[in-house]
Amino acid sequence: MTNLETSMATIIEVFQKYSEREGDRHKLKKSELKELLNDELPELMTHVKDQASLDSLMESLDTDGDAECDFQEFMTFIAMVTVCCHEFFVHEDE
Ligand SMILES: [Ca+2]
Ligand SMILES: [Ca+2]
């Protein structure tokens, strides 16, 4: 597989690893989302310290309002975070 293909497969794998822990196997409930962020994005989680920040993050990700984060909602989040990372590197070069 190419690097990009591997990256896409990895994102799916990571999502599933957490989404299948409880309740709906294909969606992240808030506690699963929290575990995913803690374990996989610890750097980002230093900015989401309290429950209120996690609540509002979940709320902003949950566009269909079912109180869970499905794969599409998760991808929107990953895309957003990745774009922010990219911008950081773009400005680094200036
Ligand atoms: Ca789940
Ligand atoms: Ca949702």
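Laboratory data are not the source of any read-out in this text; all were calculated from the coordinates shown. Quick caveat, the model's predicted, so the values are computed rather than measured. Note that each Cβ is placed from the backbone with ideal geometry, even for glycine, and that neighbours are counted across all protein chains shown.
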**Prompt:** Over the Cα atoms of the chain, what Rg and Dmax result, in angstrom?
**Reply:** 14.0, 47
**Message:** Using the Cα centre of the chain as the reference point, and only Cβ charges (+1 on K/R, -1 on D/E), how large is the resulting charge dipole? Debye, rounded to the nearest 20.
**Reply:** 280
**Item:** Sites GLN51 and MET75, calculated FRET efficiency, Cβ-Cβ separation with R0 22 Å, nearest 0.05
**Value:** 0.35
**Request:** Note the full-extension length gain between GLU5 and GLU40 as 0.36 nm times their separation in residues minus their Cα-Cα distance, in nm to one decimal.
**Result:** 10.7 nm
**Prompt:** Got a sec? Charge dipole of the chain, +1 on Cβ for Lys and Arg, -1 for Asp and Glu; which of GLN16, ASN3, HIS47 is way out at the positive end?
**Reply:** GLN16
**Asked** Given that compact globular proteins tend to follow 2.2 N^0.38 Å, what is the ratio of the alpha-carbon Rg of segment 41-94 to that value?
**Response** 1.31
**Message:** Sort VAL48, VAL81 by Cβ crowding within 10 Å, fewest neighbours at the top.
**Reply:** VAL81, VAL48
**Asked** Once amide H atoms are built 1.01 Å from N in the peptide plane, which residues 5 or more positions from ASP62, or in another chain, come under 5 Å H to H?
**Response** none
**Fill in**
Sparse-neighbourhood loop hits (trypsin sites (Lys or Arg not before Pro), the chain; DSSP loop; Cβ within 10 Å at most 12 others) -> ARG25, LYS49
